[in-house]
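Some notes on the structure that comes next.
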Amino acid sequence: MNRYILPLSVLGTAVGGAVLLKDFVAGGACPSKTTIPGKTVIVTGANTGIGKQTALELAKRGGTIILACRDLEKCEAAAKEIRGETLNHHVNARHLDLASLKSIREFAAKIIEEEERVHILINNAAVMRCPHWTTEDGFEMQLGVNYLGHFLLTNLLLDKLKASAPSRIINLSSLAHVAGHIDFEDLNWEKRKYDTKAAYCQSKLAVVLFTKELSRRLQGTGVTVNALHPGVARTELGRHTGMHRSAFSSFTLGPIFWLLVKSPQLAAQPSTYLAVAEELEGVSGKYFEGLKEKAPALEAEDEEVAQRLWAESARLVGLEMSYGSSERGQPLPR
């Protein structure tokens, strides 16, 4: 029997070390214990994955949570599940299709009419590496959903957020933004051969640039905005990548994925942290990887690119601006 003690001890140490290493790589839990009773939170894409877990975390802290999702049936099921788990009855489902400017305007109008305050907006919803689809308004799907939809939604809710100050906007980007480039000559991939990865990276770079420019515009309003990379998580977001379809990749890369890929619960911790942490009061225009502030890609820091992207985005979605643009969002010319 004694001959098994040492191997078992070594095995136990290895397993324990691996678990600790995984926790370290994953970034750990939100360190803030702040509760948010009386605060209203909107989370887009909250029927599954990181969005659902973020909504759950904030519901546990006593917030009034609005789940904003394209599939209302799944959204209502998620809201019911969160209410049951947290015993917080202030968790509601609303329809929001970020691939439709009409849906975004209808959602925002309803929020403005029905909600007295909005304290936290978490722009979480995303699509990743999908085929060359276009939105209802003619935008490349990843740019349209990940960035342009949230750009319009946020701007439509800004007055409500300002009236609710101090308030916070959290934009989910990705480490992939470092490989992104904003191609103003072909934002919607109508001239080039479509590259699903490059399109995703561009959309996530756009989110960081939007965060930087919005922060500049919101100075002195009591509204902060930050972007974050939540980490790579086991969610439905990667369904178009084919990453786990082969037995070979699952077997050979399995241990690496186990170490580096977070659960949705762990991946929701950075969003939760940015939403509630008292030490982040007043912090704005920053980019976080997990729970730590990091410098984003150089192009993400380019003020001229950020301002040009803002102006072009406002034109595309029909946002009323001082320089004049149409009331309605127009699709790009074909």
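General remarks:
- On inspection, LEU98 does not qualify as in a helix (DSSP H, G or I) and either modelled with pLDDT of 95 or more or open to solvent by 10 Å² or more (accessible area, probe 1.4 Å) (or both).
- Among the residues of region 197-233, the ones that are surrounded by fewer than 23 Cβ atoms within 10 Å (Cβ to Cβ), assigned to a helix (DSSP H, G or I) and not hydrophobic (A, V, I, L, M, F, W, C) come to 5 in all.
- Residue identified as at pLDDT 95 or above and open to solvent by 90 Å² or more (accessible area, probe 1.4 Å) among LEU291, LEU298, LEU280, LEU309: LEU298
- Members of region 266-299 that are part of a loop (DSSP other than H, G, I, E, B) and either farther than 16 Å from LYS212 by Cα or among the hydroxyl-bearing types (Ser, Thr, Tyr) (or both): ALA268, ALA277, GLU281, SER284, GLY290, LEU291
- Residues in region 128-177 that are open to solvent by 30 Å² or more (accessible area, probe 1.4 Å) and among the β-branched types (Val, Ile, Thr): THR134 only.
- Some residue of region 57-66 being part of a loop (DSSP other than H, G, I, E, B), of a type in the set (S, T, N, Q) and touching a residue at least 12 places away in the same chain (Cβ under 8 Å): no
- All positions within region 106-115 that are open to solvent by less than 90 Å² (accessible area, probe 1.4 Å) and out of contact with any Leu (no Cβ under 7 Å at 6 or more places or on another chain): ALA109, ILE112, GLU115
- Meets criteria (under 24 Å from ARG308 (Cα atoms), touching a strand residue (DSSP E or B) at 6+ places or on another chain (Cβ under 7 Å) and touching a residue at least 12 places away in the same chain (Cβ under 8 Å)) for HIS150: yes
- Residues within region 211-254 that are modelled with pLDDT under 50, in contact with a Lys or Arg (Cβ under 6 Å, 6 or more places away or on another chain) and closer than 30 Å to ARG308 by Cβ, tallied: 1
- Count of region 49-83 residues which are in contact with a Leu (Cβ under 7 Å, 6 or more places away or on another chain) and over 27 Å from GLY144 (Cβ atoms): 1
- Residue match in region 83-93 (condition: touching a Gly at 6+ places or on another chain (Cβ under 7 Å) and modelled with pLDDT of 95 or more): yes
The values are calculated or read from the model by the stated rules, or taken from the named source; none is laboratory data. Note that the structure is a prediction, hence the values are computed from the model and not measured. All Cβ positions, even for glycine, are placed from backbone atoms using ideal geometry, and neighbour counts span all protein chains on display. Note: areas computed on protein heavy atoms with side chains; ligands, DNA, RNA excluded. Shrake-Rupley method; radii C 1.70, N 1.55, O 1.52, S 1.80 Å.
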